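Take a look at the structure set out below.
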Amino acid sequence: MAFDTKTADVEERIEDGALLSGSAQFIDDLPFAVGTLHAAILRSPHAHASIVSIDSSRARALPGVAAVIDGTALAKVSEPLMVGVKIPIKCWPMAVDRARYVGEPVVVVLAEDRYVAEDALDLIEVTYTPLPPVIDPEAALDMNAYVLHEELENNLGSERTFRYGDPESAREAAPRCIAVKVRYPRNSCTPMETYGVLAEYDPHGTGYDIQANFQGPFSIHPVIARALKVSGSKLRLRTAPNSGGSFGVKQGVFPYIVLMAACARIAARPVKWIEDRLEHLTASVSATNRVVELQAAVEPDGRVTALFWDQIEDVGAYLRAPEPATLYRMHGNLCGAYDIANLSVRNRIVMTNKTPTGLNRGFGGPQIYYALERLMQRIAQELELDPLDVIRRNLISSFPYRTASGTTYDSGDYVRAFDVALNDGRYGELLSRRDLARAAGRIYGIGLTAAVEPSVSNMGYLSTALTPAQRAKSGPKNGAHAAATISLDPVGSVTVQIDSVPQGQGHQTVAAKLVSGVLGLRSKDVRVVAEFDTAKDAWSIAAGNYSSRFAASTLSAVQLAADRLRHRLARIAAGQLNGRPEDIVFAGGRVHLNGNPEASISFARIASASHWAPGTLPDDMDPVVRETAIWSPEELAAPTGEDGINSSLCHSFIFDFCGVEIDAVSGQVRVDRYVTMHDCGRVLHAGMVEGQIRGAFAQAIGASLFEEFAYGPDGAFLAGTFADYPVPTVLEIPTLDILHIETPSPLTLTGAKGVGEGNCMSTPVCVANAVADALAPKCGAVDLVLPLTPARIAEFLDAEPAAPEGYQPAAPTTGKGLTGRGRAKVSASPQAIWDLLMDPEQLAAIIPGAHGVTQPSEDRFSADVTLGVGPVKGRYKVDVALSELDPPSSALLTGRAAGALGMGEGTGRVSLTVLPDGGTEIAYEYEARVGGKVASVGGRLLDGAARIVIGQFFTALGRRAGGQRSLFARLFVWIGDGK
Amino acid sequence: MRRLIADQTHSISLKLNGKPVHAEAEPRMLLSDFIRHVLGAKGTHVGCEHGVCGACTVRMDGGLARSCLTLAVQADGAEIETVEHLAPAPGSLSVLQNSFRRHHALQCGFCTAGILMSLDTLLHDHPEAGETEIRDALAGHLCRCTGYEPIVTAAMEAAKILQKERLNA
């Protein structure tokens, strides 16, 4: 059934008044101490380079700059971040001696304000020796690949194999083996608010006091404390009252907590840092990219009897906590929604020169389901079965269900959800739509996906990455507590503290509703405090906003605390009303005995009694002023000796189907209809559940069709703006039909299960399956790589129309390589032009943006040049060497430019030919490559910018050679055809 | 035209949400930073600082401006309105804001300030605006939480209520 939002419970949110009127406080809105310094970070433009030297003398001399801190200084007051698997690499939050990804922090400047701090970055000169970049995860495992971490012999961070049931026998017995190989790309849910940290250090005993928009899990707290070399109690970590979205991503602020805390200690001043968008896209955190080979042993009817996973997980430059969690979060769910008893797994973690990975909505799910559900479709294709039948025959049909790898699916009715979705979602109509479209010659396809969405992570699942022997040595890890505290103040009003660190999901509203219901109050009478303070709150390592734990886990703790409080208050009331506690009714802000509402006492009087009149309490009763409950599901056990792991507590079910149409000319994919069926257990707030589904769906549409953290083959980061990383707007989001069934979880006190991540797992592969179905009549089985951009789809469509006559196709380029050529005519003779080109003083006037040209030797020129590419204008040091000189006819120029905004290198050939009228035709061609910030944010604009600069150069050359500006129009012909 | 000197501060006088304010800023200071960190009106948010996300949208002399792409000195003499000015009185909400609340048209609320400014301006300048115009105005904003649909619904409801109010007035 679909919820009718007119009648369902869609209570307005407590949070919204402040958010809508601009008074809500986010991290950058918080007051900070007088004397606070503002940080800016200089980042590596190289994917891989040794840091030879850092000259910050000019930066230090800039008025307003208080400190300049590099990796060496950082290492004196801190330790590397702990690594989750037992390998000896050093994970620093700022490069020490060697930078391993574009955007890695190299130097922090602390100054009186942010503008000055950023000015100072431009004055720091870092000398790098570039090292070979390692970008492709499979190539990184090659024996000859350059090794990122000198402590290791290769780039393999961890390898484990697992075997459940008897997969080999199942494969031998099966008539067919069907396999897919997929590559899941890098992307992120990119919250609209970037990271922010306020850090202070008290050397006299209290240690660090940090405010950050960190989201948890607080298992990271000990990692931070250890890196800062203090005990946990000397690291107070607080979150801001509001956070501008997270979706997992703000877990990744923690290395910056360490970095800014260390800076505050070194500078002996409070420090504030707010990340900018370029920093966020380039270097905050990313979902893992993964290469998966997945094979199934299949019966003729499509029943799968065994799965063989071979996964290569690319965690970027460092195996940073809590990785390799992305890979192991789904370890108990590797057979998805299917009843498959035999399972073989090979997991390899590889490090490459990319941004380190971390939490991101869906966390491991998109990577798993992209392989599994593409495989299910491939099975249907190869066996010529209806993909619906393949899914239906494999669906788990009884609950609770134990998966091959050891997880218990707590509740569900997958077959019913599937049938209801097909019926209420009008699947039959979609089939007709496809028939009609195809009959009209259009490219239309239908995709299907079934997925299990785990929630409430077992804090011990990560230890599955260790061998049983390693686990035995380090001790078992398991569990997932939730904590809630309810306090009563002297006037009997109620405050609830929760451990879920919401990032916009309305936790306060739902918690207030629950507590007020138990205590017979109105929601608005209950204040819920969600900002988190490790110095004052009840919390455990499981606290935080991840694995969709709030509704199932934190609310169970709230329920427990509310029930206990109610029970104790009922005893006080029973004494005053001369009745039994079990007969006490809490309603309408008052308390009375069942059946006797006339004789009532106000709730406030009972609730404040412990403050004012402890003498009125029953004799054996402690004062009732606060109740803290720790809820702990015992089902979340440590991994077994056989590597069985109950990786999550609750399991929701999703079944999606969609229809897409592909534009035959442009290759653009349009989602025509999308239906998503959810069983997330008991729905506690229909409006918020729908909000979670729609939000995840929109992000998944972005991941399906538009978004990718793309890297060049040299490791240059190519998606540094929202123009290069195109997050969908309202115009790109298709209509979504949402359906529900409810099978409450028997393991949570609320019956709720997670709902926030499901569509991030199911939608990308559902869209891909639909695209594959659309292409199938023409192309058969296809391998698809997300995002499904028009350029990628065009490869499967008919060849482009023939190019116009005389068109020269551009030479193939790789990464942000630039090539171009052109010709210009000027009135002066070749010798005059040659003389101009060889004269540094003349060149200074001709080169656009040059601040002076020097000639250190006969065949070398150096210049300081200001160049603008799109939004990025900066100063570069340019060195050009001349060779193959043939005066006054031709020369080869080899150049290198470097600046704070990036670097480039290239070659160009210039030829001068005398024209019949005595003038000169100058012909040139060039090939260049750029990296660093300028490639991240200006990639799309580089060609145009290069052409403009070259155009300006020849305009100036023509003007100078011809003597007068007025001659320009007559003398100069611009016929560039740069590509 | 006023002559500005790069490393000096210049006095800027403008009306912020109906009240005259004066402060100093260097020519390079962004209007977003000026409103937030100098004038202390923190309801306007900064999401990308390159003009794509729309979170920093404010009303400047009646028209919409990305405050992250506007210099503070450009606003000298202007009338600036921000999200803090939309509600009729403290503790209350405008028709549009109330509609957002009813339809869960926000989650984290970070992008909301800019979206409200755009939609409030649309409904003021084009009271007859329908779904197409609303989607068009909203297309200048990024929201990562809601999937946009509830925002469209809220704006359409607000448009209807405002139209009715106008008829009755």
Which whole number in µm²/s is D for the stretch A:171-322 by Stokes-Einstein, with the Kirkwood Rh taken over Cα pairs at 25 °C and 0.890 mPa s? 135
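How much of the DSSP beta bridge set in the protein assembly as shown is antiparallel, as a percent to the nearest 5? Could you put the intermediate results ahead of the total?
Values: 178 of 205 bridges.
Taking every DSSP beta bridge within the protein assembly as shown, about 85 percent pair in antiparallel fashion.
Which percent of the accessible heavy-atom area of the protein assembly as shown goes to carbon and sulfur, probe 1.4 angstrom?
The C+S portion of the solvent-accessible surface of the protein assembly as shown is 51 percent.
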At 20 °C and 1.002 mPa s, the Stokes-Einstein diffusion coefficient in µm²/s for the stretch A:239-327, with hydrodynamic radius from the Kirkwood sum on alpha carbon pairs, is 127
By what distance, in whole Å, do the Cα atoms of the stretch B:16-169 stretch along each of the three principal axes, largest value first? 45, 35, 27
Rounded tilt (10° steps) of B:149-168 against the dominant C-alpha axis of chain B: 80
Members of A:90/A:181; A:181/A:250; B:42/B:164; A:753/B:160; A:272/A:536 lying beyond 29 Å, as alpha-carbon distances in this model show: A:90/A:181; A:181/A:250; B:42/B:164; A:753/B:160
Binning at 5 Å from 0, report for the stretch A:861-967 what percent of all alpha-carbon pair distances ends up in each bin. 2, 11, 17, 23, 19, 14, 9, 4, 1, 0
Based on Cα positions only, what radius of gyration and what Dmax would you give for the stretch A:213-259, in angstroms? 10.7, 30
Candidate lysines - alpha carbon under 17 Å from residue A:473, same-chain residues fewer than 8 apart omitted: A:86
Rounded to one decimal in nm, the spacing of the 7 Å Cα→Cβ label points at residue A:57 and residue B:19 is 5.0
Would you work out which of A:455, A:511, A:445 lies farthest towards the positive end of the dipole of the protein assembly as shown, given +1 charges on the beta-carbon of Lys and Arg and -1 on that of Asp and Glu, about the Cα centre? A:511
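Order the following by accessible area, largest value first: A:796, A:697. Probe radius 1.4 Å; ligands, DNA and RNA are ignored.
Order by accessible area, largest first: A:796, A:697.
Determine Rg/Rh for the stretch A:880-930; Rg is computed over alpha-carbon atoms and Rh is the Kirkwood hydrodynamic estimate from the same atoms.
On the way: Rg = 13.8 Å, Rh = 12.2 Å.
My calculation puts Rg/Rh at 1.13.
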Please give the Cα centre distance for the stretch A:103-150 versus the stretch A:332-361, rounded to the nearest Å. 28
Using Cα pairs under 8 angstrom and six or more residues apart, how large is the relative contact order of the stretch A:1-128, in percent? 38
Pull up the cross-link candidates among the aspartates and glutamates for residue B:15, meaning alpha carbon to alpha carbon under 17 Å and not fewer than 8 places away within one chain. B:24, B:33, B:61, B:76, B:79, B:81, B:84
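With the cut-off at 42 Å, report for the protein assembly as shown the share of all Cα pairs above it, as a whole percent. Each step should come with its number before you reach the end.
Details: 302272 of 658378 pairs.
That fraction is 46 percent.
Mind checking how much accessible area A and B bury in total, 1.4 Å probe, in Å² rounded to 100? Before the final figure, lay out the partial values.
Working: alone 37880 and 9240 Å², together 43170 Å².
Buried area (both sides, nearest 100 Å²): 4000 Å².
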Just the Cα atoms of the stretch A:631-696, one point each, no solvent: what log10 I(q)/I(0) does Debye give at q = 0.13, 0.19, 0.26 Å⁻¹? -0.66, -0.91, -1.14
Given the whole protein assembly as supplied and a 1.4 Å probe, what does the accessible area of residue A:146 come to in Å², nearest 10? 90
Taking only the alpha-carbon positions of the stretch A:600-718 and ignoring solvent, what does the Debye formula give for the base-10 log of I(q)/I(0) at q = 0.10, 0.20 Å⁻¹? -0.74, -1.14
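With the other protein chains left in place, how much accessible area per residue, in square angstrom, belongs to the stretch B:95-168 at a 1.4 angstrom probe? Walk me through the numbers before you get to the answer.
Details: 2730 Å² over 74 residues.
Averaged over the residues of the stretch B:95-168, the accessible area is 37 Å².
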Within 10 Å of each Cβ in A:683-694, the average number of Cβ atoms from other chains: 3
Using only Cα atoms, figure out Rg for the stretch B:95-168 and give it as a multiple of 2.2 N^0.38 Å. 1.00
Using a Cα-Cα cut-off of under 18 Å, which lysines could be cross-linked to residue A:877, ignoring same-chain neighbours fewer than 8 residues away? A:933
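Only four residue types carry charge here, +1 at the Cβ of Lys and Arg and -1 at the Cβ of Asp and Glu. Report the dipole size of the stretch A:621-669 about the Cα centre in Debye, rounded to the nearest 20.
Working: 1 positive and 9 negative charges, 33 e Å.
Once rounded to the nearest 20, the dipole reads 160 debye.
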Mind putting a number on the dipole of the stretch A:821-908 about its Cα centre? Charges go on the C-beta only, +1 for Lys and Arg and -1 for Asp and Glu, and I need it in Debye to the nearest 20. 500
Over the stretch A:667-752, what per residue volume does the convex hull of the Cα atoms give, in whole Å³? 151
Would the stretch A:365-522 count as rounded, prolate or oblate if I go by the C-alpha gyration tensor, calling it rounded below 1.5 in a/c and otherwise prolate when a/b exceeds b/c, oblate otherwise? oblate
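Can you sort A:19, A:462 by 1.4 Å-probe accessible area, starting with the largest?
Values: A:19 10, A:462 45 Å².
Listed by decreasing accessible area, they come as A:462, A:19.
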Let me have the relative contact order for the stretch B:95-168, percent, based on Cα pairs under 8 Å that are six or more residues apart. 49
In vacuum, with every alpha carbon of the stretch B:10-82 counted as one equal point scatterer, what does the Debye formula give for log10 I(q)/I(0) at q = 0.17, 0.21 Å⁻¹? Two decimals, please. -0.51, -0.80
Quick calc, chain A, dipole around Cα centre from Cβ unit charges on Lys, Arg (+) and Asp, Glu (-), nearest 20 debye, gives 1180
At a probe size of 1.4 Å, how large is the accessible area of residue A:875, to the nearest 10 Å²? 130
To the nearest 10 square angstrom, what accessible area does residue A:335 show with a 1.4 Å probe? 10
As a test of reading the structure, rank A:102, B:95, A:52 by solvent-accessible area (1.4 Å probe, protein chains only), most first. A:52, B:95, A:102
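Would you calculate the volume per residue, in Å³, of the smallest convex hull containing every Cα atom of the stretch A:447-576? All intermediate terms of the calculation are to be shown ahead of the outcome.
Values: hull volume 23.3 nm³, N = 130.
Taking the convex hull of the Cα positions in the stretch A:447-576, it is 179 Å³ per residue.
The values are calculated or read from the model by the stated rules, or taken from the named source; none is laboratory data. A quick note: this is a predicted structure, and the numbers were derived from the prediction, not measured. Using ideal geometry, Cβ is built from the backbone for each residue, glycine included, and neighbour counts are taken over all protein chains shown. Remember, those area values only see protein heavy atoms, side chains included, never the ligands or the DNA or RNA. Shrake-Rupley method; radii C 1.70, N 1.55, O 1.52, S 1.80 Å.
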